[in-house]
């Protein structure tokens, strides 16, 4: 893959268009060409509309020529996980057939991006009902992780095609959802940035539900810089992504206060994961960052609440029975097993866990307000090959390991960003997760940007994924 203007950050591409060095149509044409070049190998998309995207980019060029400029996302390609409604595109939700038209309509997140004239190129693969973290599908196989040129490794779920769309270059911002890690996991294992916002900060209208309590819209990007632009576009508190970026930029990594812990997040790490994250922490400390030990035993307790009341299964099964009962006969066996685990949970067990999590959230938020972010590994497990998770029991072991460090953040209603910092012993990307108290996305993003300024982006730090060379 040779360098192209498309490989620049969103702000750099936007400036190149305005400087007359390229056009939206040329940028989109390259994005579509990359999809066509890599789709057979990577299989990121369930549905792709390259022709429509190029037509929309030409329209954006015409508007810009008339002086209508709505900011850095204008005319640029984005992708949407196939549980987001997108006007004019079908929604399958990872299931065997197209869903009813009510699930194919823009919701508030997509509407916000359209206001800035971002252009969806297509719908990326998701796990059925967005209920799985590994990245394999009974119906559609598994998009391929581009960081392994030899073996077909998974790319994480349930926003399984999102990180792959960024890698192939057909998207600059990939919409996903994060209920138990489904943005941060695929971002981490594909060498991208992933943002999980506080539960309830962004509307889930227009998105096929799994758990109304824990579903959070989010996205993956190639850099923290791009993530801040996306956040400024989507979040209803802002109307100028560029101004927000300028507001959050400028913190030096040496002035950060970063929390570290011994509990939970360092268990079961594959070779190179703990070492890679610790090396990044040491690099920050050498720069002058203050590293502060804080206890996080509550992370284990929070995850236990999820399992004791199997909260995702209870809520997911309720939604499936209400909206998609006709699909239960064809559901992926791994998803069926997880949904059915919610059948015997009592209301007492469920609400006991809800109250426990509310208490734990208060405890953890008070603790996290004394630091800019807690820093821990994002995913402890090297993404397995498709062959390694073919057996259903092996799949569930891998699923548990891949969600070990992300699920507690959802259960505790926190926010977080994952950034790429290393490659593990298998040569697969390792993410560092920066976690903040509820509602502190701006602080966490500013902290992540300071870290990125020190570490560099994945492209700068590791180069191009081997499968794309």
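Just so it is clear, none of the values below were taken in a lab; they were calculated from the coordinates. Every value quoted in this text rests on a predicted model; they were computed, and no experiment measured them. Note that we place each Cβ from the backbone using ideal geometry, even for glycine, and neighbour counts take in every protein chain shown.
Rounded to the nearest 500, the helix-only mean residue ellipticity at 222 nm of the chain stands at -12500 deg cm²/dmol, with each DSSP H run of n ≥ 4 adding -39,500 (n - 2.57). Rounded to the nearest Å, what's the spacing between the alpha carbon centres of the range 104-130 and the range 247-288? Just the number, please. Cα centroid of the range 104-130 versus Cα centroid of the range 247-288: 33 Å apart.
Residues 182, 353, arranged from fewest to most other Cβ atoms within 10 angstrom of their Cβ, appear as 353, 182. In plain terms, if you count all Cα to Cα distances in the chain and split them into 10 Å steps from zero, the share in each step is 5, 23, 34, 27, 10, 1, 0 percent. Of all DSSP-defined beta bridges confined to the chain, some 70% are antiparallel rather than parallel. Residue exposure proxy: 81, 8, 66, 390, ordered by other Cβ atoms within 10 angstrom of their Cβ from fewest to most, comes out as 66, 390, 8, 81. Entry note, the range 5-468: relative contact order of 18 percent, from Cα contacts under 8 Å with a spacing of 6+ residues.
Relative protection proxy for 125-138, 167-180, 440-453, 371-384, from highest mean packing down: 167-180, 125-138, 371-384, 440-453 (other beta-carbon atoms within 10 angstrom). Sorting 357, 63 by the number of Cβ atoms found within 10 Å of their own Cβ, with the fewest placed first, yields 63, 357.
Among 188-197, 421-430, 323-332, 18-27, the peptide with the highest mean count of other Cβ atoms within 10 Å heads the list, and the full ranking is 188-197, 421-430, 18-27, 323-332.
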